[in-house]
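The values are calculated or read from the model by the stated rules, or taken from the named source; none is laboratory data. This one's a predicted model, so the numbers in the text were calculated from it and none came from an experiment. Methodologically, a virtual Cβ is constructed for each residue, glycine included, from the backbone with ideal geometry; neighbour enumeration extends over all protein chains shown. Calculation scope for accessible area: heavy atoms of the full protein, side chains included, ligands and nucleic acids excluded. Shrake-Rupley method; radii C 1.70, N 1.55, O 1.52, S 1.80 Å.
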Amino acid sequence: MEIVEPTGGAEISVPFTLVVDSSEELGPTDTGNHHVHVYFDGDDSSYEVIESGNGEEHEITVDSPAMEGVEPGEHTLNVSLRNADHSAAGAEAEVTVTVGEEGSGGSPSDDEDDESEEPPDYDY
Amino acid sequence: MTTEPGTPRPTVERNNARTRWLHAAVYTTVLVLLLTGWWLTLGQEGRPSPLSELTGQSDAELHTAIGWVLTGVAVLGAVAGWRAARTLLTDSVRFRRTDLRWFARWPGAVVTGRFARHEGHFDPGQRLANLALIVLLLVLIVTGVGLWSVSGGPAFVWFNRLHRWATYVFTPVIVGHVLIASGILPGYRGVWRAMHLGGRLRRRDAQRVWPGWLERTDAAASAVKAEGGDGTGDGDEPRQARFH
Ligand code: HEM
Ligand code: HEM
């Protein structure tokens, strides 16, 4: 299990692109496949669920439960491979990132299209 | 107790303390499981429900942990209360032809309280609900433990389907049970007391909903009194006088 993007030490601004790579095929619970929990600073009670697309880009938006309570500054981004019943499958990875001020434009081209009225991008 | 014959106490005990505690343990755990289960099914995984916020556990963890509590309560209840469990089961499978009249009059009686007479410990509708609840709870527990034990893969897919389908059927039955047992419907006014606080309900409510049971309870109580007992009937006592 590996976090391909963002890379360690990167400065990110929300929304940011997440790419994970794991040895398992991912899918929603009812496929019996594994999925990935994404959260910050080891707090796995509030997390984004990644149920598809090993090695593909996922956008983590402000509305993501993973972002709850995450202030600008340095944070650990955690990913954890889960069994279909949500128990930990063992594989985990983390990188340290710096979360930029929201709306301060920490990186180019993320200003206008915030689209916070969009539902979180679960694809059921 | 100085109850004279002919002037019985205005209330009658329906469920003893042990039964009431078991019922309370089952329903608190079941309500948590329903809430967290539906939360997961509706795609809210990862977003803490109010219950998850309160406990600091994710809904998935909470669900599985409370699932084990319910499993423990169910096993304990079945073992420690096997006699009561058997009674619940045997009383619930006993239907007679005249119960059809009860069902026919039921929709109106829910409002008017004029139920057709039945002889059971439970009314015919309760008996159906009991059977449904017992079977569905068993399915939920077995498949829930199954989900946990396989964690994923092809067997998980089937456990998951059964677990979900059972939830879809279980939910309306529980809603119906709570609607009826809470006494919101005029016909069932006052029955909530049968399972809460002292487990005693007003005689006239018992007379309306469980007439045969009330008569047998009274008969058993006066038989005890004739033998010099105090006739307060502690818990299981009237059950001995049950028809067979
Ligand atoms: C009243 C009883 C119960 C109800 C109504 C209930 C309901 C549910 C629901 C709706 C889900 C989500 C299924 C999905 O969409 O993926 C679920 C998941 C789960 N339940 Fe239960 N459940 C109950 C009891 C139990 C018990 C007793 C256990 C075992 C100890 C258990 C273990 C699990 C596990 C491990 C999952 C996670 C896997 C999954 O998401 O499918 N449940 N439950
Ligand atoms: C949520 C899970 C619950 C389950 C699985 C459950 C199950 C049962 C069962 C099996 C009985 C035995 C006889 C009958 O069918 O009435 C019973 C009785 C009863 N329940 Fe529940 N119950 C639940 C929740 C509640 C709630 C929330 C209330 C609150 C109003 C309630 C009120 C009662 C009452 C008053 C009785 C006594 C009826 C009698 O003496 O025959 N139940 N319950």
- Matching residues, the stretch B:14-25, being more than 16 Å from B:Ser182 (Cβ to Cβ) and within 9 Å of ligand 2 (Cβ to nearest atom): B:Thr19
- Across the stretch B:53-80, what is the number of residues that are within 14 Å of ligand 1 (Cβ to nearest atom) and within 17 Å of A:Ala66 (Cα to Cα)? 5
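Which one is farthest from B:Ser58 (Cα to Cα) among residues in the stretch A:26-35 that are within 8 Å of another protein chain (Cβ to nearest Cβ) and outside any loop (DSSP other than H, G, I, E, B)?
Result: A:Thr31.
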- Which one of these is outside any loop (DSSP other than H, G, I, E, B), open to solvent by less than 10 Å² (accessible area, probe 1.4 Å), modelled with pLDDT of 90 or more and more than 14 Å from every other protein chain (Cβ to nearest Cβ): A:Val20, A:Val38? A:Val20
- Message: Would you confirm whether or not the stretch B:60-67 contains a residue that is without any contact (Cβ under 8 Å) to a residue 60 or more places away in the chain, open to solvent by 30 Å² or more (accessible area, probe 1.4 Å), within 14 Å of another protein chain (Cβ to nearest Cβ) and farther than 22 Å from B:Val178 by Cα?
- Response: yes
- Message: Among the residues of the stretch B:186-214, what is the count of those that are farther than 20 Å from B:Asn16 by Cβ and open to solvent by less than 40 Å² (accessible area, probe 1.4 Å)?
- Response: 3
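Answer yes or no as to whether B:Arg9 is basic (Lys, Arg) and either assigned to a helix (DSSP H, G or I) or over 30 Å from B:Trp210 (Cα atoms) (or both).
Working: basic (Lys, Arg): yes; either assigned to a helix (DSSP H, G or I) or over 30 Å from B:Trp210 (Cα atoms) (or both): no.
No.
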- Task: Sort out which residues of the stretch A:81-116 are more than 16 Å from ligand 1 (Cβ to nearest atom) and either modelled with pLDDT of 95 or more or not in a loop (DSSP other than H, G, I, E, B) (or both), and write them in order of number.
- Result: A:Gly90, A:Ala91, A:Glu92, A:Ala93, A:Glu94, A:Val95, A:Thr96, A:Val97, A:Thr98, A:Val99
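Hey, does the stretch B:120-140 have a residue that's on the phi > 0 side of the Ramachandran plot, open to solvent by less than 70 Å² (accessible area, probe 1.4 Å) and either assigned to a helix (DSSP H, G or I) or not basic (Lys, Arg) (or both)?
No, the stretch B:120-140 contains no residue that is on the phi > 0 side of the Ramachandran plot, open to solvent by less than 70 Å² (accessible area, probe 1.4 Å) and either assigned to a helix (DSSP H, G or I) or not basic (Lys, Arg) (or both).
Okay, residues lined up against (1) within 16 Å of the chain's Cα centre (by Cα); (2) within 14 Å of chain A (Cβ to nearest Cβ):
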{"residue": "B:Ser151", "(1), (2)": "no, yes"}
{"residue": "B:Val157", "(1), (2)": "no, yes"}
{"residue": "B:Val173", "(1), (2)": "yes, no"}
{"residue": "B:Arg189", "(1), (2)": "no, no"}
{"residue": "B:Arg193", "(1), (2)": "yes, no"}
{"residue": "B:Gly199", "(1), (2)": "yes, no"}
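Based on this model, can you work out whether A:Asp43 counts as touching a helix residue (DSSP H, G or I) at 6+ places or on another chain (Cβ under 6 Å), surrounded by fewer than 17 Cβ atoms within 10 Å (Cβ to Cβ) and not in a strand (DSSP E or B)?
Numbers: touching a helix residue (DSSP H, G or I) at 6+ places or on another chain (Cβ under 6 Å): no; surrounded by fewer than 17 Cβ atoms within 10 Å (Cβ to Cβ): yes; not in a strand (DSSP E or B): yes.
Here the answer is no, as A:Asp43 does not meet what is asked.
Out of all the residues in the stretch A:79-92, which are out of contact with any helix residue (DSSP H, G or I) (no Cβ under 9 Å at 6 or more places or on another chain) and open to solvent by less than 20 Å² (accessible area, probe 1.4 Å)?
From the stretch A:79-92, those out of contact with any helix residue (DSSP H, G or I) (no Cβ under 9 Å at 6 or more places or on another chain) are A:79-81, A:88-92; that's our starting set.
Passing the criteria: A:Val79, A:Ser80, A:Leu81.
Does the stretch B:74-87 contain any residue that is within 14 Å of chain A (Cβ to nearest Cβ) and aliphatic (A, V, I, L, M)? Reasoning before the result, please.
Here is the first cut: in the stretch B:74-87, the ones within 14 Å of chain A (Cβ to nearest Cβ) are none.
No, the stretch B:74-87 contains no residue that is within 14 Å of chain A (Cβ to nearest Cβ) and aliphatic (A, V, I, L, M).
Would you mind finding the one in B:Gly183, B:Gly152, B:Gly113 that is at pLDDT below 95, surrounded by 15 or more Cβ atoms within 10 Å (Cβ to Cβ) and within 10 Å of ligand 2 (Cβ to nearest atom)? Walk me through it before giving the result.
Values: B:Gly152 fails: within 10 Å of ligand 2 (Cβ to nearest atom); B:Gly113 fails: within 10 Å of ligand 2 (Cβ to nearest atom).
Going through B:Gly183, B:Gly152, B:Gly113 in turn, just one is at pLDDT below 95, surrounded by 15 or more Cβ atoms within 10 Å (Cβ to Cβ) and within 10 Å of ligand 2 (Cβ to nearest atom): B:Gly183.
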- In the stretch B:40-59, how many are open to solvent by less than 60 Å² (accessible area, probe 1.4 Å) and not hydroxyl-bearing (Ser, Thr, Tyr)? 9
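Any residue at all in the stretch A:50-59 that's open to solvent by 20 Å² or more (accessible area, probe 1.4 Å), more than 27 Å from B:Val157 (Cβ to Cβ) and either at the interface with chain B (Cβ under 10 Å from one of its Cβ atoms) or assigned to a strand (DSSP E or B) (or both)?
Just the residues of the stretch A:50-59 that are open to solvent by 20 Å² or more (accessible area, probe 1.4 Å), to begin with: A:51-52, A:54-59.
Now restrict to residues that are more than 27 Å from B:Val157 (Cβ to Cβ): A:57, A:59.
Retained after the next criterion (residues that are either at the interface with chain B (Cβ under 10 Å from one of its Cβ atoms) or assigned to a strand (DSSP E or B) (or both)): A:57, A:59.
Yes, because at least one residue in the stretch A:50-59 is open to solvent by 20 Å² or more (accessible area, probe 1.4 Å), more than 27 Å from B:Val157 (Cβ to Cβ) and either at the interface with chain B (Cβ under 10 Å from one of its Cβ atoms) or assigned to a strand (DSSP E or B) (or both).
Kindly establish whether B:Val173 is open to solvent by less than 50 Å² (accessible area, probe 1.4 Å), aliphatic (A, V, I, L, M), out of contact with any Asp or Glu (no Cβ under 7 Å at 6 or more places or on another chain) and near ligand 1 (Cβ under 9 Å from one of its atoms). Explain how you work it out, then say what you get.
On the way: open to solvent by less than 50 Å² (accessible area, probe 1.4 Å): yes; aliphatic (A, V, I, L, M): yes; out of contact with any Asp or Glu (no Cβ under 7 Å at 6 or more places or on another chain): yes; near ligand 1 (Cβ under 9 Å from one of its atoms): no.
Taking the combined requirement at face value, the residue does not satisfy it.
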